[in-house]
Amino acid sequence: MTITVEQGSATVTTHFINGEWTDAESPTFAVTNPFNGEVVAEAAAGGRREAEAAVAAAAAAYPAWAALAPGERQRLFLKAADIVDRRHEELVELMAVEGGASRAFSSFQIRLSSAMLRQAAGWGYLPAGDVIRSDIPGRTATVTRKPLGVVAGFTPWNGAFYLAWRTFLLPLAFGNTTVIKPSELAPMSAGLVHAEILEEAGFPAGTFNVVTHAPGEAAAISDVFFESPAVRCINFTGSDKTARILGAQAGRALKRMVLELGGFNPVILLDDADIDESIKAVTFGAFLHQGQVCMNSRKIYVDRSIHDEFVAGLTARVKSLKIGDPRDPEVIIGPLINERAVQQIDERVQDALNRGATLETGGHSDGLIYEPTILTHVPADAICTTGADETFGPLLVIEAFDDVETAFRAAQDTPYGLSASIMTRDRSRGLDLAERFDTGIVHINAPTMASEAALPVGGVKDSGWGRSGLYAIEDFTELRLTTVSSKPGRYPF
Ligand code: NAD
């Protein structure tokens, strides 16, 4: 199968199980372009039967994959990276029509993805463990890192192409095999196109499997993941709301879970911040992919002495962003993913305005496009400013502060803990605040969304746990202790 999306002609997709494109007797469901409502794909609506077959295939492929020589694995990963680069333009098109991603966002994901594949190619050569000194004469103890077995992954629809690689690739690189359940909103860019790429690269059958499902039918597949003894870890990227449901299931099944969840990512602009640089960083950090990325900035705390200049400059820059069909390479702001997303943003904007907030720009929708919106003077009880619930769209709140410690406490007053930024010319002031931030990530003089393939992205508190990049070795391997005794033991009885 080759996923190519022509305007007006829908692709028909199937599951990918044990190296075969198969739809068994699955019915299909429509995947639509959020910009114009056109059907871009008819995707297979799988369930329990397909999930069971996929888990069985991954379990059967595991021993050989775990034992494969590091050089063999490296060759496959490097080939996959080259295929990603070769298919750049097709992937841009796919992400635009399926997820409303601008070229700026899809190219960013493609670069990160091939970089991560190339990095992961070498991980098979990492030291396999340690030798530990024993107090018992004649005993040698070794600790070896072993893969877990089958890792089942859930991918989200947003940033789907890169995040699905993260879901597949990190477990595979450490010797696990995988089954992926992509988001029903973007099954191609959240999993199926990866299967095509890994198949072409020559990954053995069963090492990765993809099962898609219709809206509202995720549970039939995820139940299989939790019930199967072969599945040793659930790798989930998505919202904290879904994570709470699945986390309860993981608790009952005693399954290890990796959780990459949402955030309410603040930026603090100190009085010595470079204002022009801050305007650029905040525009990118808040409005990349229409604010539908876990690490987008949601609230900016600005020293009152630079507040007005910053707000005026930011508003002008945001107003200049081109809005429209993301297939146009000049467009930065495309559609939100669905009507529910538009409603959430609109309700939060109206709630803030009703309470007396000032609208600096935005506040209107046209179809699924919501203008990038900036609010100032937002009363403390407005939903969009409390930090209690992630706002997932192009809405940014700006607040002036007189005292940095008060602003810092307010910025921390959220159940989330994913990313934060501090803009300052004074490195030591920045580091002082950075050290105290209760987040998985903090940047000084960069946007809250400053990803690189090698960086260990992940959160604390309600933003989840687990890290990407090389540090994912902690999530997708376990330690096995082996001792060898060469002298008779001394026993108390
Ligand atoms: P979501 O939680 O709705 O869905 C995520 C996955 O869970 C999808 O595959 C979906 O089909 C599945 N799912 C949803 N409900 C389910 C259920 N009841 N049973 C089984 N599976 C179910 O999230 P989304 O809307 O796809 O993605 C956006 C969210 O993900 C945001 O909160 C965003 O911040 C977060 N996110 C976090 C990161 C990160 O790295 N920290 C990255 C991207 C997205």
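Each value in this text was obtained by applying a stated rule to the coordinates, not by laboratory testing. None of the values given here were measured: they were computed from a predicted structure. FYI the Cβ positions are ideal-geometry reconstructions off the backbone, even for glycines, and counts take in every protein chain you see.
At-a-glance table
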read-out	value
Cα-centred dipole magnitude for the range 163-319, charges only on beta-carbon of K, R (+1) and D, E (-1), debye, nearest 20	580 debye
Long-range HN-HN contacts of THR11 with modeled amide H, under 5 Å	ALA41, GLU42
Net length gained if the chain between GLU405 and SER428 were fully extended (0.36 nm per residue, minus Cα distance)	6.7 nm
Relative contact order of the chain, pairs being alpha-carbon contacts under 8 Å that are 6 or more residues apart, as %	17 percent
Sorted peptide list for 34-47, 145-158, criterion being average Cβ within 10 angstrom, highest first	145-158, 34-47
Residues whose placed amide H lies under 5 Å from that of PHE401, excluding near-sequence neighbours	VAL302, ASP303, ARG304
Compactness index (Cα Rg / 2.2 N^0.38 Å), the range 402-493	1.71
Assigned charges on the beta-carbon of Lys, Arg, Asp, Glu; the range 8-132 dipole about Cα centre (debye)	480 debye
Packing-based order for 71-81, 410-420, using average beta carbon neighbours within 10 Å, highest first	410-420, 71-81
In order through the range 156-163: 3J(HN,Hα) via Karplus (6.51 cos²θ - 1.76 cosθ + 1.60), integer Hz, x for Gly, Pro	x, 7, 8, x, 4, 5, 5, 5
Additional length obtainable on full extension of the chain from LEU254 to GLU200, 0.36 nm per residue less Cα span	15.9 nm
Charged-residue dipole, Cβ positions (Lys, Arg, Asp, Glu), the chain about Cα centre, Debye nearest 20	2300 debye
Debye intensity ratio I(q)/I(0), log10, the chain, q values 0.07 Å⁻¹ (C-alpha model)	-0.39
Label-point gap, in nm, between LYS322 and ASP272 - each point 7 angstrom along Cα→Cβ	4.0 nm
Two-decimal Rg/Rh across the range 323-387, once Rg and the Kirkwood Rh are taken from alpha-carbon atoms	1.03
Mean Cβ count within 10 Å, highest first, over the residues of peptides 126-135, 192-201, 381-390, 291-300	291-300, 192-201, 381-390, 126-135
Cβ-based charge dipole, the range 64-150, positive-most Cα from PHE108, GLY122, LEU78	GLY122
Share of Cα-Cα pairs in the range 151-196 lying beyond 14 Å, as whole percent	36 percent
The range 158-232 - convex hull of the alpha-carbon atoms, volume per residue in Å³	88 Å³
Principal-axis tilt of helix 48-67 within the chain, Cα atoms, nearest 10 degrees	60 degrees
Computed helical MRE - 222 nm, the chain, DSSP H runs ≥ 4 contributing -39500 (n - 2.57), nearest 500	-12000 deg cm²/dmol
In Å, descending, principal axis extents of the Cα set of the range 59-185	66, 26, 26
